[in-house]
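This report concerns only the one structure given below.
The values are calculated or read from the model by the stated rules, or taken from the named source; none is laboratory data. None of the values given here were measured: they were computed from a predicted structure. Cβ placement follows ideal geometry from the backbone for every residue including glycine, while neighbour counts extend to all protein chains displayed.
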Amino acid sequence: MIGGVTRDEYIRAVAVLVREGERLEARPSLPALQTWIAASDELLRNAWGSMDRYHLSWLMVGRPSGAVRGRPMAPDEERAYVRDVAIQKTAALRMSRKAVEDDDMPFVGESPTRETR
């Protein structure tokens with residue numbers, strides 16, 4: 001166990017987060033999205049450490065495709081934003097699960113268990 005989470009716990013937690021992401025896509029809620037992002041970011045941080053600004057901007061997670069600036073979002077814009085972010089973040093979570101399950105990616109503080117190819 002590294003960073004307070006085992007691989008099995010990580011895989012189970014990602015499964016829960018993916019289901020919540022799918023629910024947010026179907027039934028958008030901005031407060032639920034904010035809670036979900038905080039939980040998923042904490043899990044990723046426990047496994048792999050904090051991301052620097054470069055990688056956060058590269059992922060573009062949380063940035064709406066059609067930015068609304070200078071005014072509150074209309075209800076339809078907010079729903080579209082929540083869906084957009086949920087789709088992006090759910091995809092990132094699925095890739096992180098693949099990295100653990102299939103690629104044996106090491107957590108923070110671990111050494112790789114496979115030879116680099």
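A few remarks follow.
- Annotation note: of 67, 91, 47, the sole residue that is at pLDDT 90 or above and either over 18 Å from residue 22 (Cα atoms) or hydrophobic (A, V, I, L, M, F, W, C) (or both) is 91.
- Top-ranked residue of the range 16-30 - restricted to ones that are in a helix (DSSP H, G or I) and over 15 Å from residue 91 (Cβ atoms), ranked as nearest to the chain's Cα centre (by Cα): 16
- Candidate set from the range 85-104 (those that are among the β-branched types (Val, Ile, Thr) and farther than 10 Å from residue 11 by Cα); member that is surrounded by the most Cβ atoms within 10 Å (Cβ to Cβ): 85
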